[in-house]
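The values are calculated or read from the model by the stated rules, or taken from the named source; none is laboratory data. The model shown is predicted, which means the values in this text are computed figures rather than measured ones. Here Cβ is always computed from backbone atoms with ideal geometry, including for glycine, and neighbour counts include all displayed protein chains. When the accessible area is computed, the model is the full protein with side chains, heavy atoms only, and any ligands, DNA or RNA have been set aside. Shrake-Rupley method; radii C 1.70, N 1.55, O 1.52, S 1.80 Å.
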Amino acid sequence: MDLFKVGKTKISFEYRVGKSLVDYYWVRVSINFILEPMQGDICALVYVQNITDTKVREQKLQSKAERDSLSKLYNRITTQKKAEKFLSSAENTGMSVLFMIDLDNFKQINDSLGHLYGDAVIIETAHRLKRIFRESDIIGRLGGDEFAIFIPNVPTVDFIEEKAKNICTSMSAPVLFDNIPKSVGCSIGIAYTTSSYSFKDMYEMADKALYVAKSKGKNRYEFYSENM
């Protein structure tokens, strides 16, 4: 009876049914409560609808809006939003890190071998980064040959440096396209913090470190310091 007193006679919710993360379907349940006038009993009319096709279309549209069309990584806006959301949340209790990555020889490859080879380099770079980092880490392509990885609550600075070394090693391996192997390499700027910095702050710090890394040569990383 309390439902009718507050004027709420309908409940609707959606949930996923399945045995695993890949074997499932979506349903929408609508429940209408009806007050039987003679006895005063409350009856419920339950309607269950399979909405899997609708959910799949929604997820595809969301993915298209969030992802870079070539690399399938997060785009610039989504990378920033996801990092900002974490930095302003209660989960931000430790040290977070932002890697800014710029491919060293991308322009030369684009100019000499064409945009198809350049596209292959971008796609291969995305694959290599995804092999180094976890699915829960925020990996984005900011545009052109610039990438960013944001990792929340990293354990130690040694962990950060190990990841930077892994990136440099992975990116230095040649990219094979149309039977032509070319080494690309990358420069990395790193900003980490345990303070309440914004993503904009971390981006600016990592960008300065990236500039220093490129000025000192290729296929290397630099941590941000205040004297930069």
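Please express the shape of the chain as an equivalent ellipsoid: the semi-axes are the square roots of 5 times the eigenvalues of the C-alpha gyration tensor, given largest first in whole angstrom. Write down the numbers at each step before the final one.
On the way: eigenvalues 463, 108, 35 Å².
Result for the chain: semi-axes of 48, 23, 13 Å.
Ranked highest first by the average count of other Cβ atoms within 10 Å around their residues, in what order do 181-188, 64-71 fall? Provide the component values of the computation, followed by the final result.
Values: 181-188: 19.5, 64-71: 13.9.
Averaged packing, sorted descending, gives the order 181-188, 64-71.
In a shell of Cβ-Cβ distance under 10 Å around residue 144, excluding residue 144 itself, what net charge do Lys and Arg (+1) and Asp and Glu (-1) give? Display every interim value, and only then the final one.
On the way: positive: 107, 141; negative: 102, 145, 146.
Around residue 144, the charge tally is -1.
Are there any helices in the chain, counted as whole DSSP H runs, that stretch 20 Å or more along their axis by Cα and score at least -1.0 on average by Kyte-Doolittle, and if so which? Walk me through the numbers before you get to the answer.
Details: long enough: 52-66 (21 Å, -1.74); 115-132 (26 Å, 0.01); 157-172 (23 Å, -0.12); 199-215 (24 Å, -0.33).
Within the chain the helices that satisfy the rule are 115-132, 157-172, 199-215.
Beyond a 21 Å Cα-Cα separation, which of these cross-linked pairs lie in this structure: 130/165; 81/216; 85/200; 107/216; 107/218? Please report the intermediate quantities before stating the final value.
Details: 130/165 15 Å; 81/216 32 Å; 85/200 12 Å; 107/216 18 Å; 107/218 14 Å.
Long pairs (Cα-Cα over 21 Å): 81/216.
For the pair residue 108 and residue 58 in one chain, pulling the backbone fully straight at 0.36 nm per residue adds 14.0 nm over the alpha carbon distance. Assuming charge only on the beta carbon of Lys and Arg (+1) and of Asp and Glu (-1), the dipole of the chain about its Cα centre is about 300 debye to the nearest 20. In the context of the full set of protein chains, the chain has a per residue accessible area of 60 Å² (1.4 Å probe).
Computed over protein heavy atoms with a 1.4 Å probe, the carbon and sulfur contribution to the accessible area of the chain reaches 52%. Structural descriptor for the chain: relative contact order 18 percent, calculated from alpha carbon pairs under 8 angstrom and at least 6 residues apart.
Taking amide H as placed 1.01 Å from N in the peptide plane, the amide H of residue 146 sits under 5 Å from none that are at least 5 places away or on another chain.
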